[in-house]
1. Mind telling me which of T135, T164, T98 comes out most flexible in a GNM of the chain, alpha-carbon contacts under 10 Å?
2. Most fluctuating residue of G110, G155, G39 in a GNM of the chain with Cα springs under 10 Å: which is it?
3. Lys/Arg Cβ at +1, Asp/Glu Cβ at -1, dipole of the chain taken about the Cα centre: which of Y136, F125, A46 is farthest positive-ward?
4. What pairs in K38/K63; K38/K64; K37/K150; K32/K63; K32/K150; K28/K150 have C-alpha atoms more than 29 Å from each other?
5. Nothing charged except the Cβ atoms of Lys and Arg (+1) and of Asp and Glu (-1): what's the magnitude of the dipole of segment 3-174 about its Cα centre? Round to the nearest 20 debye.
6. Let's test the formula: R0 of 22 Å, r as the Cβ-Cβ distance of T123 and K38. What FRET efficiency results, to the nearest 0.05?
7. What does the charge add up to near V82, with Lys and Arg as +1, Asp and Glu as -1, over the other residues with Cβ less than 11 Å from its Cβ?
8. Output needed for segment 3-174: three equivalent-ellipsoid semi-axes, defined as square roots of 5 times the C-alpha gyration tensor eigenvalues, in descending order, whole Å.
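Just so it is clear, none of the values below were taken in a lab; they were calculated from the coordinates. Since the structure is predicted, the reported quantities are computational estimates derived from the model, not experimental observations. Cβ: placed from backbone, ideal geometry, glycine included. Neighbour counts: every protein chain shown.
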Amino acid sequence: MDQSDKDTFVPYYQLRTEIDALSESLEKQHQKHLNCKKGCDLCCMAISVFPVEFYAIKAEFDKKPVAELPVPQNDEDCRFLVDHSCAIYLSRPVICRTHGLPLLYMSLDGDDYELSCCELNFTDFDFEDFDEENTYPMDRINSILYQINKKFVAGFENGRYSETDRIPLADLFGSGF
Ligand code: SF4
Ligand code: SF4
């Protein structure tokens, strides 16, 4: 990654750092409900990401390439899940950094909050235990990521992408590393 890559992707990397700090805090708060462990991969599936995320990850791999990985058994498996572990763990996308923790969203009709979490975690809990202080504020995170991406695509390759375009993460393998 050269200096211009670093400058271009600073807001994205900052968001990633903020999310990691929040994950650490939430993991401590909800430790007794979490069954996440190395080798558990129900949460890993093929995903697509915003262009800013795709190219920020690519910039990291341009400097430190990922070794050839086995082709997944089917299209639903993440290309980077190898032997039940994430082969790009340090560079994994934002959504992967929230796996397993309680995610709070505003409902589609906007009149209530909805909670989402892995079915292997929080098997015995009371919805009343959750509030804005001990959950992921997903609407805020998605909104920040959207704005970072919007700015990125506006200045990228003469408008190659729209602000709502997404790129399959697996396409990183077709992009030169
Ligand atoms: S990038 Fe890593 S953490 Fe994310 S779905 Fe793929 S294997 Fe899982
Ligand atoms: S989020 Fe669920 S599937 Fe993923 S590691 Fe944690 S317990 Fe396992």
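1. T164
2. Maximum among the listed residues: G110.
3. A46
4. From the list (K38/K63; K38/K64; K37/K150; K32/K63; K32/K150; K28/K150), the Cα-Cα distance tops 29 Å for K37/K150; K32/K63; K32/K150; K28/K150.
5. In debye, rounded to 20, segment 3-174 gives about 1000.
6. My answer for the efficiency is 0.65.
7. -3
8. Equivalent ellipsoid semi-axes, largest first: 28, 21, 15 Å.
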